[in-house]
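Comments concern the structure below.
The values are calculated or read from the model by the stated rules, or taken from the named source; none is laboratory data. No experiment lies behind these values; they were computed from the predicted model shown. Here the Cβ positions follow ideal geometry from the backbone for every residue, glycine too, while neighbour counts run over all protein chains shown.
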Amino acid sequence: MLACYLIKPEQIELRDLPIPEPSDGEILVKVEAALTCGTDLKAFLRGHSLIPMPGPFGHEFSGTIAEVGKKIRKFKPGDSVMSVHTAPCLKCLYCAKKAFNLCENLMSNKILGAYAEYILIPSHIVRQNLYHKPSNLSFEEAALLEPLSCVVHSINNINKLNLKGSKSLIIGTGPIGFLHLLCLKLKGSEVLITGLESDRLQIAKDKGADMVTPPSELDKATNDFTNGMGVDYVFECTGQLDVWERCINYVRRGGKIILFGGAKKDTIVTYDTYRLHYDEITVQGSFHFKPEDVRIALKLLRDILKTSFLISGRYPLKDIAIPFRKLSKGEGLKYAIIP
Ligand SMILES: [Zn+2]
Ligand SMILES: [Zn+2]
């Protein structure tokens with residue numbers, strides 16, 4: 001089978017590998033669609049601590065079951081499925097605390113290699129996070145299960161936010177900013193969104209944003225949007241350190257900042273202690289998702305959300321570097337790789 005390996009930044013190699021055989025509890029999936037992701041773009045441009053190089057590449061996918069190992073009852077060859085690339089171990093201290101997204105073995109047990117003709121799903125993922133694809137979803141839409149699960153975790157799960165009638169600010173108009181927008185509108189929050197490209201602000205308007213603004217006018221826009229009070233919630237979806245720091249300028253007293261966009265390792269930000277203490281502002285990181293978030297994301301994709309606008313184009317495996325070059329220039333949101 002053909003599989004893309006990320007050798008070093010900017011270099012992807014197409015390798016011809018043997019098709020893996022599923023052991024007990026495992027499932028072999030023929031990939032029908034894999035999606036580019038911000039994490040993959042970071043890895044492509046400068047490497048990423050969670051994506052070893054050289055190594056298999058890609059983690060958002062859906063497909064058709066090619067072969068099942070022994071002891072599989074719920075699935076059979078030919079089934080259309082969607083999955084995420086991780087599942088908790090259910091054995092560690094964090095799993096015992098039900099903090100499944102912080103599972104100590106989550107990242108060492110993950111699967112990479114969605115940019116390939118086949119991907120082998122290990123038993124812990126089959127048991128917890130593999131689902132039949134609803135027939136109303138395309139394979140591309142189904143492959144959004146992973147990023148949407150992260151966004152569901154950001155909004156629903158860790159934060160248990162009181163969103164009805166609230167005012168939210170989303171910083172960032174990438175796919176993750178847009179998924180936050182769709183989910184926040186669904187929950188009844190009024191949304192101000194900011195980003196650099198005017199065509200993306202137009203998309204945000206079309207998708208229900210109550211107000212859009214370029215970053216240069218964010219101070220004034222936030223004042224107008226909230227009558228000078230500040231928003232209830234800020235969702236940081238860029239991972240830029242200066243943006244992390246500036247978030248605190250836009251949140252009201254008692255409000256909450258959710259840091260979704262991960263920044264580089266060993267970097268430090270500073271916050272105004274007066275605002276943190278006397279204004280009781282909460283700063284909360286959001287990482288990954290739990291199996292319950294995946295279940296919610298599946299329902300949202302199946303029943304409510306319209307997400308096909310996030311896919312900006314399609315490429316075969318051999319052209320995989322093209323979408324990453326486009327993304328690095330800010331062209332397009334997500335691309336589908338069709339093996
Ligand atoms: Zn992703
Ligand atoms: Zn665990």
Criterion: within 16 Å of ligand 1 (Cβ to nearest atom), modelled with pLDDT of 95 or more, in the same structural domain as ALA321 (by TED's automatic domain parsing) and part of a loop (DSSP other than H, G, I, E, B) - qualifying residue of LEU106, LEU90: LEU106
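Regarding LYS326, is this residue among the basic types (Lys, Arg) and assigned to a loop (DSSP other than H, G, I, E, B)? Show your work before the answer.
Values: among the basic types (Lys, Arg): yes; assigned to a loop (DSSP other than H, G, I, E, B): no.
Here the answer is no, as LYS326 does not meet what is asked.
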Conditions (1) more than 16 Å from ligand 1 (Cβ to nearest atom); (2) among the small types (Gly, Ala, Ser); (3) crowded, with 23+ Cβ neighbours inside 10 Å: number failed by ALA34: (1)
Extreme residue, nearest to ligand 1 (Cβ to nearest atom), among residues of segment 146-158 that are under 14 Å from HIS180 (Cα atoms) and of a type in the set (A, V, I, L, M, F, W, C): CYS150
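Looking only at segment 226-271, count how many residues are in a helix (DSSP H, G or I) and either acidic (Asp, Glu) or touching a strand residue (DSSP E or B) at 6+ places or on another chain (Cβ under 7 Å) (or both). Talk me through it step by step, then tell me what you get.
We begin by selecting, within segment 226-271, every residue in a helix (DSSP H, G or I); these are 226, 241-249.
Applying the additional criterion that residues be either acidic (Asp, Glu) or touching a strand residue (DSSP E or B) at 6+ places or on another chain (Cβ under 7 Å) (or both) yields 226, 242-245, 247-248.
Summing the residues that are in a helix (DSSP H, G or I) and either acidic (Asp, Glu) or touching a strand residue (DSSP E or B) at 6+ places or on another chain (Cβ under 7 Å) (or both) in segment 226-271 gives 7.
Listed residues PHE100, PHE61, PHE57, PHE44; which is away from ligand 1 (no atom under 16 Å from the Cβ), closer than 23 Å to GLY262 by Cβ and of a type in the set (Phe, Trp, Tyr)? Walk me through it before giving the result.
Details: PHE61 fails: away from ligand 1 (no atom under 16 Å from the Cβ); PHE57 fails: away from ligand 1 (no atom under 16 Å from the Cβ); PHE44 fails: away from ligand 1 (no atom under 16 Å from the Cβ).
Residue meeting the stated conditions: PHE100.
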Count - residues of segment 122-158 that are away from ligand 2 (no atom under 16 Å from the Cβ) and out of contact with any His (no Cβ under 9 Å at 6 or more places or on another chain): 23
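Can you name every residue in segment 93-103 that is part of a loop (DSSP other than H, G, I, E, B), of a type outside the set (Lys, Arg) and surrounded by fewer than 17 Cβ atoms within 10 Å (Cβ to Cβ)?
Once the filter is applied, which keeps residues that are part of a loop (DSSP other than H, G, I, E, B), of a type outside the set (Lys, Arg) and surrounded by fewer than 17 Cβ atoms within 10 Å (Cβ to Cβ), segment 93-103 yields only ALA99.
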Pick from segment 66-87, criterion assigned to a loop (DSSP other than H, G, I, E, B) and within 14 Å of ligand 1 (Cβ to nearest atom), ranking: surrounded by the most Cβ atoms within 10 Å (Cβ to Cβ): VAL84
Number of the condition not met by ALA96 [criteria: (1) touching a Pro at 6+ places or on another chain (Cβ under 7 Å); (2) free of Cβ contacts under 8 Å to residues at least 12 places away in the same chain]: (1)
Residue among HIS48, HIS59 that is more than 16 Å from ligand 2 (Cβ to nearest atom), free of Cβ contacts under 8 Å to residues at least 60 places away in the same chain and closer than 25 Å to PRO175 by Cβ: HIS48
Considering residues of segment 23-65 that are in contact with a helix residue (DSSP H, G or I) (Cβ under 6 Å, 6 or more places away or on another chain), of a type in the set (Val, Ile, Thr) and not in a loop (DSSP other than H, G, I, E, B) only, the residue nearest to ILE7 (Cα to Cα): ILE51
Criterion: buried (at least 24 other Cβ atoms within 10 Å of the Cβ), on the phi < 0 side of the Ramachandran plot and outside the structural domain of ASP303 (by TED's automatic domain parsing) - qualifying residue of LEU192, LEU201: LEU192
Hey, LEU137 assigned to a loop (DSSP other than H, G, I, E, B), buried (at least 20 other Cβ atoms within 10 Å of the Cβ) and not assigned by TED's automatic domain parsing to the domain that holds VAL294 or not: no
